[in-house]
Structures are given as structure tokens and as C-alpha cells.
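Following: one structure in C-alpha cells, then a few remarks.
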Amino acid sequence: MFGCLVAGRLVQTAAQQVAEDKFVFDLPDYENINHVVVFMLGTIPFPEGMGGSVYFSYPDSNGIPVWQLLGFVTNGKPSAIFKISGLKSGEGSQHPFGTMNIVRTPSVAQIGISVELLDSLAQQTPVGNAAVSSVDSFTQFTQKMLDNFYNFASSFAVSQAQMTPSPSEMFIPANVVLK
């Protein structure tokens, strides 16, 4: 029903079902994860009026799991990207995984998905810095990408005196790339 993706790792599609309406994915080596993608596989949709709240859990200094609400997925929004790198020092929130005996090791974080009513999902407030799809982030990415492109292209720059005529090659002046 669900999948979980971390950059540089294989896609996880076998969630551990810990209750009739709750699923978890293990995230080993969570300290090196910046973002996680949670998505529906498309094989089984949510029942009408239902969706899934997505939680992130990591062990605190005492080994006790700290759960934080990241957001949600629904039939209308079947996938979401969450930034988890800044969440590790935050405080936990109320969550539906409370007293469950979920098998875990101390160095493994978990993504939990709880199937709930859409009305309930609308009233929940995710952790503020978990969402990554903002226009400002896209603008920053674009600026950094273009800066890197200019630096890369400039690394091949030669002066006119150093140029050797080559009728089969096209040259673009550096000031054109800068513009």
C-alpha cells in the first residue's frame, strides 16, 4: 500500500504492519538522511474519507522513541517529500503509535503511517520545518545550479591568444553565459 524512498538507497515497499491501521518503515543510519519520500503504491487506495498521517521517529539519548508529525498522504496527494535532517533535536508530539511494542534497534529511526479520517488529518499540525516544497527552496536551488554551471563553464575559459582556430567547434563568450 505504501512505499518509502531515501536518496541512494533501494525503495522500501514492504511496510511492517503494527496494527490494523498503522504501518512502519525502518530507516537504518538515519543520521545521514536529509529527506524521505513517502508514497502510495497505487495498488490499494485509501477508503473513502480516509488518508494517512506520516510520522518520523528516532531514538532520543535514552533510547526512547520520539515521534514527530511530518504531514500526510491521501488519494488526492499520493506522495510527499519530507525534510527530516533538522528534526532530530526537536520535541515529540502526540501520535497514534504510543503504547505499541514496535520492534526496533537503537540506531534505527522509523517512518510511521497511521490511517485516519481526512477531517482528523486537516486538524493536525505537522512539524514546521519538515516540508520541503516551497518556492523559496526552488529559487535557491536554481541560483546554486546556475552558479555551479557558470563556474564549470568558466573553468574551460581561454584567452583569444590561447585559442587555436577550429572551424568544427562553436565558442560561446563567457560574458554571454554570465548574462
Using amide H atoms built in the peptide plane, which far-off residues or other-chain residues are under 5 Å from residue 50 H to H? 118
If you stretched the chain out fully between residue 44 and residue 163, how much longer would it get, using 0.36 nm times the residue separation minus the C-alpha to C-alpha distance? 36.6 nm
Return the long-range amide H neighbours of residue 72 (sequence gap of 5 or more, or a different chain), with a cut-off of under 5 Å between placed amide H atoms. 54
Show 48, 31, 116 ordered by accessible area, largest first, where the area counts protein heavy atoms only and the probe is 1.4 Å. 48, 31, 116
Starting from 0.36 nm per residue, how many nanometres of slack lie between residue 171 and residue 19 once their C-alpha separation is accounted for? 48.4 nm
How large is ³J(HN,Hα) for each residue in segment 55-65, as worked out from phi by the Karplus curve 6.51 cos²θ - 1.76 cosθ + 1.60 (θ = phi - 60°), to whole Hz, x for Gly and Pro? 10, 10, 10, 9, x, 7, 4, 9, x, 8, x
Interchain or sequence-distant (5+) residues whose placed amide H lies within less than 5 Å of the amide H of residue 15 are 2
³J(HN,Hα) computed for each position of segment 67-72 - Karplus, 6.51 cos²θ - 1.76 cosθ + 1.60, integer Hz, glycine/proline x: 9, 10, 6, 9, x, 7
What is the packing order of peptides 77-86, 138-147, taking the mean over residues of other C-beta atoms within 10 Å and listing the highest first? 77-86, 138-147
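The values are calculated or read from the model by the stated rules, or taken from the named source; none is laboratory data. Bear in mind that the values here come from a model prediction, so they are computed numbers and not experimental data. Methodologically, a virtual Cβ is constructed for each residue, glycine included, from the backbone with ideal geometry; neighbour enumeration extends over all protein chains shown. Note: areas computed on protein heavy atoms with side chains; ligands, DNA, RNA excluded. Shrake-Rupley method; radii C 1.70, N 1.55, O 1.52, S 1.80 Å.
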